[in-house]
Amino acid sequence: LSPSWSQDGRYIIFTHIGDRYHSLGLWDRNAGRARLVKYPGNTLIGPTFTPENKIAVGMATGGNPDIYQIDYDFRKEKVLVKNWAIDVSPDFDASGKKMVYVSSQLGTPQIFLLDVPSGQTKRVTFEGRYNTHPSISPDGTLVVFSRLTKGGHRIFMHDLTNGSERQLTFGPGNDEEPSFAPDGYFLAFTSSRSGQNKVYITSRHGDTPRMIPTGDGPAGFPAWGVME
């Protein structure tokens, strides 16, 4: 689950869910194979590459998940977010100075923003009781995320420059797991509007979504990367 491309397009980091525990997976396109590494504890959620090709991941090593930075050799380098709550799903802008993530520190999942150099955090979402799967635009000005509404999960966009929000998708079904394209204009997301989870693309203006062909079976967790 939850794939993320490295900046050079060589690697994909992901979560592997086994029968008894989670592993962190790293697929090497050049070698054509994946390596799986298990850590103490059973939970690894939403790994992603930083602009410096480090890895950030929500990891539980004895309690609730905190967000750690890990190198290519799977060694923990530092803690990015740590508290009593559940902290998962990190995502970075192109500079690596802004990281959005999900935290339950207020009792329900909400989106927060970490200023990486200073370590200061601030709350992003104030509406809704269930906001997840944040993705920040490369320029660090916009955050898209999934919010649970009375009609199901919908994609919303928050403008960090003025605090405004707008709804981008309207179903039917559930719309989840948004991911900004490298150009900061398009975004992909998962939707069950066809009766089965499939990947769709829209713009940050909320244009009519178009399904992306992914073959038979359900598809989700879209992630953008470089293919050479």
Just for strands (runs of 3 or more DSSP E) wholly inside region 154-228: which have at least 2 residues that are under 17 Å from residue 2 (Cα atoms)? 175-180, 186-191, 198-203
Condition check for residue 174: out of contact with any strand residue (DSSP E or B) (no Cβ under 8 Å at 6 or more places or on another chain) and of a type in the set (S, T, N, Q): no
For the structure I just gave you, tell me whether residue 222 is under 30 Å from residue 10 (Cα atoms) and either in contact with a Leu (Cβ under 9 Å, 6 or more places away or on another chain) or surrounded by 14 or more Cβ atoms within 10 Å (Cβ to Cβ) (or both). yes
Among the candidates 186, 170, 180, single out the residue that is among the aromatic types (Phe, Trp, Tyr) and open to solvent by less than 80 Å² (accessible area, probe 1.4 Å). 180
Have a look at 144, 88 and point out the one that is in contact (Cβ under 8 Å) with a residue 40 or more places away in the chain, more than 16 Å from residue 67 (Cβ to Cβ) and of a type in the set (Val, Ile, Thr). 144
Of the residues in region 107-157 that are open to solvent by less than 60 Å² (accessible area, probe 1.4 Å) and hydroxyl-bearing (Ser, Thr, Tyr), the one that is farthest from residue 173 (Cα to Cα) is 141
Could we say that residue 58 is of a type in the set (Gly, Ala, Ser), within 30 Å of residue 149 (Cα to Cα) and either in a strand (DSSP E or B) or open to solvent by 20 Å² or more (accessible area, probe 1.4 Å) (or both) here? yes
Which residues, counting only those in region 30-47, are touching a strand residue (DSSP E or B) at 6+ places or on another chain (Cβ under 7 Å), modelled with pLDDT of 90 or more, open to solvent by 10 Å² or more (accessible area, probe 1.4 Å) and of a type outside the set (A, V, I, L, M)? 35, 46
Looking only at region 64-82, and only at residues there that are open to solvent by less than 50 Å² (accessible area, probe 1.4 Å) and over 17 Å from the mean Cα position of the chain (by Cα), the one that is nearest to residue 136 (Cα to Cα): 71
Residue 100: under 15 Å from residue 168 (Cα atoms), open to solvent by less than 10 Å² (accessible area, probe 1.4 Å) and among the aliphatic types (A, V, I, L, M), yes or no? no
Could you tell me how many of the residues in region 75-125 are of a type outside the set (Val, Ile, Thr) and in a strand (DSSP E or B)? 21
Select, from 212, 155, the only residue that is farther than 29 Å from residue 69 by Cβ and among the hydrophobic types (A, V, I, L, M, F, W, C). 212
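The values are calculated or read from the model by the stated rules, or taken from the named source; none is laboratory data. A quick note: this is a predicted structure, and the numbers were derived from the prediction, not measured. Quick reminder, even Gly has a Cβ in these numbers, built from the backbone with ideal geometry, and neighbours come from all protein chains shown. Side chains are part of the model used for accessible areas, which takes the heavy atoms of the whole protein and leaves out ligands, DNA and RNA. Shrake-Rupley method; radii C 1.70, N 1.55, O 1.52, S 1.80 Å.
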